[in-house]
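Scroll down for the structure; my scribbles are underneath it.
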Amino acid sequence: MSRIVVRAIGLAILLVGLLMGTYGTQTFATTVGLAGTGGTLTVADCRIDVSYTDNDRDADDRRETRRCWGDFSAADGSDTDPQHWLASDEAQPGDRIEVRDNGTIYMERDAGSVVGAAAIIFIALGMSLTGGLILATGRYPSPGKIEQSQRFNAAVRALPCGRTVFWTCLGSWAAGLLGFGLAKLL
């Protein structure tokens, strides 16, 4: 693969990481209360939506999302929404849940949401740094080709602050994956 194509792939990865980082930052700001409108959602009813990752509908491709909907009332009285939904595993009809409205979705303000939003930011940072390293070096790591990965590592080490960026990248990926795991537990 030519270096121009590799650098273009690196640029694409960098841009996707930046877009994901923008989404993650907005989501994080909403979950911690820095953005959006706070209020309560009174749950009217819930259902489970089932989707599959491919067309053969195997049991291992099945994904269930529990969605609840109800009446949202802003804490400051500025907004009401009689029929809006919220993805929630624990909500029951009649529950009053503290949520934030960021204009697109309602989010519960709990530890799992905060950790999950932070994980998105860390994954986006790791993706952006990975794309930046590929863009800067014109090389990419390949798990199946040891020599290619060694050339990538040597090119990264030759960059000013290359090692720092590389370790920050790995740390970001690890923190993001750990964050997603914690978000499921909280």
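Values quoted throughout were computed directly from the atomic coordinates according to the rules given, and no laboratory measurement underlies them. Small disclaimer: the values here were computed from a predicted structure and weren't measured. Backbone-built Cβ (ideal geometry, glycine too); neighbour counts: all protein chains shown.
Compute the long axis of helix 3-31 from its Cα atoms, compare it with the longest principal axis of the Cα atoms of the chain, and write down the angle in degrees, 0 to 90, nearest 10.
That works out to roughly 30 degrees.
Averaging sequence separations of C-alpha pairs under 8 Å and six or more residues apart, then dividing by the length of the range 72-133, give the relative contact order as a whole percent.
With pairs under 8 Å counted, the relative contact order is 16 percent.
Just report the Cα centroid separation between the range 124-138 and the range 154-171, whole Å.
Centre-to-centre (Cα) distance: 10 Å.
Which listed residue (P93, L133, V43) has the Cα farthest towards the positive end of the charge dipole for the chain, taking +1 on Lys and Arg C-beta and -1 on Asp and Glu C-beta about the Cα centre?
L133
Tell me, which cysteines of the chain are without a disulfide-compatible partner by the Cβ under 4.7 Å rule?
Those would be C161, C169, since no other cysteine Cβ in the chain comes under 4.7 Å of theirs.
State whether the range 15-87 is rounded, prolate or oblate according to the following rule on the C-alpha gyration tensor (a ≥ b ≥ c being the square roots of its eigenvalues): a/c under 1.5 gives rounded; otherwise a/b larger than b/c gives prolate, and the remaining case gives oblate.
Verdict is oblate for the range 15-87.
Give the residue from I4, P82, A175 lying farthest towards the positive end of the charge dipole for the chain; charges sit on Cβ (+1 for Lys and Arg, -1 for Asp and Glu) and the dipole is referred to the Cα centre.
I4
Work out the length of the dipole vector of the chain about its Cα centre, built from +1 on the beta-carbon of each Lys and Arg and -1 on the beta-carbon of each Asp and Glu, and round it to the nearest 20 debye.
Dipole about the Cα centre, nearest 20: 1460 debye.
In debye, nearest 20, what is the charge dipole magnitude of the range 17-104 about its Cα centre with +1 on Lys and Arg Cβ and -1 on Asp and Glu Cβ, if you could check?
It comes to approximately 160 debye.
Please compute the contact order of the chain in relative form: average sequence separation of alpha-carbon pairs under 8 Å and at least six residues apart, divided by the residue count, as a percent.
Dividing the mean separation by the residue count of the chain yields 28 percent.
Counting other Cβ atoms within 10 Å of each Cβ, which trypsin sites (Lys or Arg not before Pro) in the range 95-186 have at most 15 and sit in a DSSP loop?
Here the trypsin sites (Lys or Arg not before Pro) that fit, given the DSSP loop and packing criteria, are K145.
Relative contact order, percent, of the range 101-186 when contacts are C-alpha pairs under 8 Å separated by at least 6 residues?
Across the range 101-186, relative contact order equals 48 percent.
Specify the angular offset, from 0 to 90 degrees and rounded to the nearest 10, of the alpha carbon long axis of helix 162-185 from the longest principal axis of the alpha carbons in the chain.
Its long axis makes an angle of about 30 degrees.
Calculate how steeply helix 111-137 sits against the longest principal axis of the alpha-carbon atoms of the chain, using the helix alpha-carbon long axis, and give the answer as 0 to 90 degrees to the nearest 10.
Helix 111-137 sits at roughly 20 degrees to that axis.
Given 37 °C and 0.692 mPa s, compute D for the chain with the Stokes-Einstein relation, Rh being the Kirkwood radius over Cα pairs; round to the nearest whole µm²/s.
173 µm²/s
Where does the chain land at 222 nm, in deg cm²/dmol rounded to the nearest 500, when only DSSP H runs of n ≥ 4 count, each adding -39500 (n - 2.57), divided by all residues?
-17500 deg cm²/dmol
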